[in-house]
1. What list do you get for A:W35, B:W146, A:W101 if you sort them by fewest beta carbons within 10 Å?
2. Lysines near A:K23 by alpha-carbon distance under 23 Å, same-chain residues fewer than 8 away left out - which ones?
3. Under the definition of Cα pairs under 8 Å and six or more residues apart, what whole-number percent is the relative contact order of region B:78-136?
4. Just A:N50, A:N77, A:N41 to compare: in a GNM of chain A, with alpha carbon springs under 10 Å, which one fluctuates most?
5. Amide H neighbours of A:G107 under 5 Å, counting only residues 5+ apart in sequence or on other chains, H built in-plane at 1.01 Å?
6. Compute the distance in nm between two label points, each set 7 Å from the Cα along the Cα-to-Cβ direction, one at A:T100 and one at A:D42.
7. Roughly how many Å is it from the Cα centre of region A:78-114 to that of region A:1-54, as a whole number?
8. At R0 = 41 Å, how high is the FRET efficiency between B:Q134 and B:S63 if r is their beta carbon distance? Nearest 0.05 is fine.
Amino acid sequence: MEFGKVSGIDGLYIANRLQNGVKQSLITFNQGGSWSPLLINDSCADCTLNLYSPSSDLKDHFYSRHTAPGLIIATGNVGLSLNKEQSAANTYLSRDAGLTWKLLAAGSHLVGFSNFGSLILMVDDMAAIDSVQYVN
Amino acid sequence: MELTFFLIRFSVDQGNTIQTCSLVENIAGATSSVHAERIYTEPTTTQTHFLLLTSFADINGKSSYSLFGFNFTTYFTRQCVGIEYPDKPASDYETFNPSGPSDSCILGLDVTYIRRKAGTACFVPQTEQVITQQRICNCSMADYVW
């Protein structure tokens, strides 16, 4: 799915827009009234964060819960356009409901929150298991 | 005997720094790589437990599953305190306003959440649910057309 809702905060959605061959992730804070790209500090000034699948599917490549407002962990890549090659995938975190992002771990991960987001577990889901991560 | 190696990375400041530790498990009958399928949590309880469902092919080539439990209870040595006075240094909680790129009024409401601070190594007692405060925003000149 190229469209999804951020859990726990009203009006917040993320969508992937394909335009002139460029696929970019955009976020709205006002139920679609205005959209803006996902901001991340990077040496490439024009680059933004683009997410694989900004909907909570079975693999949880986009993870937010109403019990941890503002906290999102998602899989994607930083660039001018979404790159769906497995080697380009990294895991990113936002604490401000998707406005700004930072790199959390290399590779794609399953994610789980417990105890209102006090603890976050991450497991690499692309490679065979050799790592489990948790963050709190 | 094939052992699956788990590298556990953890952080007490919500990803600013990540530490690692490892454990090794023997998954009986696994003849292929083990893949992570799903993480199960109880997000609204005081528990800091996780279940991890993994899959692999068994000796007959059929899909098999293995379930692992993770228990972080002993990692947290204290409960979070200070939900009555968020943002103060002595509080483990902070206010959060999802302002977006412009102002704090979203769909006519200015909503503030009280949530656990990132860099505090405490667990949230069950009695303290997610707290939200709402203020109705007044229309400004920008909300009208001629």
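1. Details: A:W35 17, B:W146 2, A:W101 25.
In order of increasing Cβ crowding within 10 Å: B:W146, A:W35, A:W101.
2. Filter leaves A:K5, A:K59, A:K84, A:K102.
3. Values: 95 pairs, mean separation 19.8, N = 59.
Across region B:78-136, relative contact order equals 34 percent.
4. Looking only at A:N50, A:N77, A:N41, the biggest GNM fluctuation is shown by A:N41.
5. Hits under the 5 Å cutoff: A:N90, A:T91.
6. 1.7 nm
7. Between the Cα centre of region A:78-114 and that of region A:1-54, the gap is 12 Å.
8. Details: r = 48 Å, r/R0 = 1.17.
Calculated transfer efficiency: 0.30.
Values in this text are rule-based calculations from the coordinates and carry no lab data. Not measured: the values here are computed from a predicted model. No Cβ is skipped: glycine too gets one built from the backbone with ideal geometry, and neighbour counts run over all protein chains shown.
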